[in-house]
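The values are calculated or read from the model by the stated rules, or taken from the named source; none is laboratory data. Note that the structure is a prediction, hence the values are computed from the model and not measured. Cβ placement follows ideal geometry from the backbone for every residue including glycine, while neighbour counts extend to all protein chains displayed. Surface areas here come from the heavy atoms of the whole protein model, side chains and all, with no ligands, DNA or RNA. Shrake-Rupley method; radii C 1.70, N 1.55, O 1.52, S 1.80 Å.
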Amino acid sequence: VVESWSFLDTVESNFRPLVVIELAKGTKEETIEWFTKRIVDKKANGGAQLLIKPLVMENGVENIYLVGASHLRLLLGAETVGLVKECSDNSMRTFTYSSRKTFKDFADDNHNFLTMAECQYIIKHELENLRAKNEKMIPGYPQAKLYPGKSIVRRLLTSGILVQIFPLHDREELKKLRHSWYGRVKVGYQPLDDIRCYFGETIALYFGFLEYFTFALIPMAVIGIPYYVFAWEDYDKYVMFATFNLLWSTVILEVWKRICAILTYRWGTLLMKRQFEEPRPGFHGVLGINPVTGREEPVYSSLKRQLRIYLVSLPFVCLCLYFSLYVMMIYFDLEQWALDYHKENESNFSSLMLYVPSIIYAVVIEIMNRIYRYAAEFLTSWENHRLESSYQNHLILKVLVFNFLNCFASLFYIAFVLFDMKLLRQSLATLLITSQILNQFAESLLPYWLQKRYNRRMKKRMCSQKTDRELSIAEQVNMEKEMGTYLGTFDDYLELFLQFGYVSLFSCVYPLAAVFAVLNNITEIYSDALKMCRVYKRPFAEPTANIGVWQLAFETMSVISVVTNCILIGMSPQVDALFPDSKMDLVLTVALVEHLLLAIKFIMAFVIPDKPRDIQMKLAKLEFESLEALKQQVRAFQMQL
């Protein structure tokens with residue numbers, strides 16, 4: 001079955017492995033035959049119409065398969081997934097096989113027209129959309145039930161039959177990318193176009209945002225240093241700093257939208273149509289007809305999903321929030337104990353003990369965030385969302401609410417209940433620095449050490465260094481399959497979101513927050529680049545037009561920062577002294593200033609266009625041409641009648 005490719009549209013004599021499928025050792029032969037047949041079967045028969053080849057490892061185990069596709073199949077797949085490519089006239093258009101000659105650098109013998117990352121994305125899309133039709137179970141495994149519409153790959157994964165699917169690295173291209181990206185320490189921009197070609201738009205956009213956010217923090221850091229050095233206790237002098245912070249947070253987010261539009265237009269993802277998104281692989285239900293597309297796909301009652309969300313997920317999140325607040329109150333008890341201990345002893349040791357509760361609390365926060373993340377993923381998967389975007393939005397909402405309360409609740413309590421600015425400054429500095437140290441250790445030092453250890457172990461195992469192509473592929477697969485799996489940009493954006501909160505929410509109390517954020521992000525760029533190229537398996541490319549719901553999350557944080565900074569300034573003794581007779585006047589003045597700043601913020605967001613003028617014109621031109629082409633088709637049809 002595996003070698004039977006004669007019925008495909010095109011047979012590739014030079015098989016190019018793109019994706020690796022690892023099955024569990026001892027998988028039954030009938031299961032392998034059924035699964036590989038579904039992979040190579042024609043689309044009309046419910047297959048993926050791909051090429052698959054077994055890879056025999058040095059130990060003779062045959063549980064690893066290489067997946068590829070003919071050049072024709074990849075081109076047709078590019079049209080199916082809606083890839084956008086550059087035309088000969090420098091415009092960006094959705095690729096169609098019938099108009100392939102109009103695209104830049106296209107030739108029938110040019111197999112590099114599609115990047116390796118795009119080819120792997122197409123194969124992933126086809127594999128994920130292999131769905132059961134009449135099968136009641138996975139052949140050879142009666143306990144692994146199937147029903148119409150169930151994702152075959154998902155069932156194989158959850159049953160433990162399929163260990164993993166991952167795309168192969170291109171060793172030559174990776175070597176070039178490593179050299180230009182982090183091979184030498186330099187002051188300059190990252191090779192975002194090269195990152196996009198190798199890892200896809202989602203990862204390239206994250207590194208673009210990380211780089212942009214780091215540069216955007218520099219003015220805040222430069223202005224914050226003299227405020228820290230010369231005006232520590234004079235809170236009235238922080239009014240200008242806080243005002244600059246609020247305007248800065250608005251401008252950088254609006255300018256990022258424009259930069260994002262420039263990048264994604266150049267990469268083609270700004271034009272990709274995403275309205276009719278395919279059901280996510282984890283979505284299950286009874287096979288039915290989509291009323292919009294008319295295609296067969298699983299359907300699941302939205303009422304059942306809403307009941308799961310409001311009767312199970314929501315109470316669980318509220319319970320976790322309550323537990324987080326309970327832990328916070330224990331932290332304040334520890335703070336009081338440390339303060340009492342210092343008053344009794346007043347030694348160097350007792351002075352150090354003042355920081356211990358905050359450090360312990362910061363570590364506990366990180367642990368709670370990670371444990372809650374697993375619970376949130378399980379609940380969101382159990383809710384059975386149809387689209388991947390819906391799944392991600394619900395997961396991000398759950399995690400953001402908990403992380404925001406877990407990380408910032410103590411700071412709000414200190415600021416607006418205890419009114420202790422000194423403790424607020426100390427807690428903010430300790431939480432920020434401790435979280436950055438923990439993240440750098442968990443994301444950089446630990447993976448680097450593990451990878452070094454793994455490389456030493458692999459050198460001992462690989463005694464012979466043969467140049468045979470098949471053996472070299474076997475060695476590469478053997479190394480890559482043991483690497484860690486990159487779980488996406490979720491945690492990376494979350495770290496930046498929390499960092500943005502530390503910098504913006506209480507800027508007038510601790511101006512050095514931006515300085516520590518810049519230093520952390522510089523090392524983050526290099527450590528994340530190292531992880532992507534050396535520590536993790538190559539992730540599948542994922543087209544995206546923006547940073548998604550994270551843009552809204554950052555904008556919401558900037559709105560909250562307006563309120564907190566205005567209240568903090570209003571609470572300062574200097575401002576309070578301006579209203580000795582009526583505190584109501586103080587409250588009204590602070591509210592007026594806060595509303596005024598919010599108004600300025602929203603006006604700026606409205607005035608600054610999300611897309612540059614030239615890109616707006618190009619998009620309008622494409623829309624006009626599409627309408628004209630549609631009119632011509634209608635006229636041609638009417639003339640035939």
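For segment 171-225, which trypsin sites (Lys or Arg not before Pro) are in a loop by DSSP, counting at most 11 other Cβ atoms within 10 Å? Qualifying residues, ordered by number: Arg184, Lys186. Computed from Cα positions, the angle between helix 201-230 and the longest principal axis of the chain comes to roughly 10 degrees.
So what is the 222 nm mean residue ellipticity for the chain from helices alone, if each DSSP H run of at least 4 adds -39500 (n - 2.57) and you divide by all residues, rounding to the nearest 500 deg cm²/dmol? Walk me through the numbers on the way to the answer.
On the way: 22 runs with 383 residues, N = 641.
Counting only the DSSP helices, I get -20000 deg cm²/dmol.
Computed on the Cα atoms alone, the convex hull of segment 26-85 gives a volume of 100 cubic angstrom per residue.
Keeping the other protein chains in place, figure out the carbon and sulfur percent of the accessible area of segment 19-168, with a 1.4 Å probe.
Numbers: 3110 of 6190 Å².
Looking at segment 19-168 in its full context, I get 50 percent from C and S.
List the pairs from Lys43/Lys150; Lys25/Lys481; Lys85/Lys531; Lys175/Lys531; Lys101/Lys537 whose alpha-carbon separation is above 24 Å, in the order I gave them.
On the way: Lys43/Lys150 17 Å; Lys25/Lys481 14 Å; Lys85/Lys531 29 Å; Lys175/Lys531 14 Å; Lys101/Lys537 35 Å.
Where the Cα-Cα span goes over 24 Å, the pairs concerned are Lys85/Lys531; Lys101/Lys537.
Projecting each Cα onto the charge dipole of the chain (Lys/Arg +1, Asp/Glu -1 at the beta carbon, about the Cα centre), which of Val163, Asn112, Ala48 comes out farthest on the positive side? Projecting each Cα onto the dipole axis, the largest value belongs to Ala48. Placing +1 on the Cβ of every Lys and Arg and -1 on the Cβ of every Asp and Glu, with no other charges, gives segment 277-382 a dipole of roughly 560 debye about its Cα centre.
Between Asp581 and Val251, what is 0.36 nm times their sequence separation minus the Cα-Cα distance? Round to one decimal in nm. Separation in residues times 0.36 nm, less the Cα-Cα distance, equals 115.0 nm. For segment 19-168, the solvent-accessible area of protein heavy atoms averages 41 Å² per residue (probe radius 1.4 Å; ligands and nucleic acids excluded). What lysines does Lys601 reach when the alpha-carbon gap must be under 17 Å and sequence neighbours fewer than 8 apart in one chain are set aside? Leaving aside lysines fewer than 8 places away in the same chain, those within reach of Lys601 are Lys257. Highest mean packing comes first when the peptides 494-507, 87-100, 204-217 are listed by Cβ atoms within 10 Å, giving 494-507, 204-217, 87-100.
In degrees from 0 to 90, rounded to the nearest 10, what is the angle of the helix 583-607 Cα long axis to the longest principal axis of the chain? Result, in degrees: 30. Relative contact order (percent) for segment 19-168, with alpha-carbon contacts under 8 angstrom and 6 or more residues of separation? Taking the mean separation of contacting Cα pairs over the length of segment 19-168, I get 27 percent.
Distance from the Cα centroid of segment 568-627 to that of segment 311-386 is 33 Å (rounded to whole angstrom).
With a ≥ b ≥ c taken as the square roots of the eigenvalues of the C-alpha gyration tensor of segment 19-168, please select rounded if a/c is under 1.5 and otherwise prolate if a/b is larger than b/c or oblate if it is not? Since a/c reaches 1.5 and a/b is larger than b/c, the shape of segment 19-168 is classed as prolate.
Rounded to the nearest whole angstrom, the semi-axes of the ellipsoid equivalent to segment 124-258, taken from the Cα gyration tensor as √(5λ), stand at 50, 23, 13, largest first. With everything on Cα atoms, drop me the angle between helix 513-530 and the longest principal axis of the chain, reported from 0 to 90° to the nearest 10. Taking Cα atoms only, the helix is inclined about 20 degrees. Taking every DSSP beta bridge that has both residues in the chain, what percent is antiparallel when rounded to the nearest 5? Rounded to the nearest five, the antiparallel share is 95 percent. Here the dipole of the chain is about 1860 debye; that uses its Cα centre as origin and unit charges on the Cβ of Lys and Arg (positive) and Asp and Glu (negative). The dipole here belongs to segment 509-621: it is taken about the Cα centre, uses +1 on the Cβ of Lys and Arg and -1 on the Cβ of Asp and Glu, and is about 820 debye.
Just need the relative contact order of the chain here, percent rounded to a whole number, with Cα pairs under 8 Å and 6+ apart.
Details: 752 pairs, mean separation 117.5, N = 641.
So the answer I get is 18 percent.
Loop-located GluC sites (Glu not before Pro) across segment 281-355 with a Cβ neighbour count of 10 or fewer within 10 Å are Glu346, with loop assigned by DSSP.
Across segment 482-494, computed HN-Hα scalar couplings (Karplus, 6.51 cos²θ - 1.76 cosθ + 1.60, θ = phi - 60°) run 8, 6, x, 9, 6, 8, x, 8, 4, 5, 5, 5, 4 Hz from first to last residue, x flagging Gly and Pro.
Give the relative contact order (percent, whole number) for segment 110-229; include only Cα pairs under 8 Å separated by 6+ residues. Relative contact order for segment 110-229 comes out at 19 percent.
Could you compute the net charge surrounding Asp170? Neighbours are other residues with a C-beta less than 14 Å from the C-beta of Asp170; K and R count +1, D and E count -1.
Net charge around Asp170: +2.
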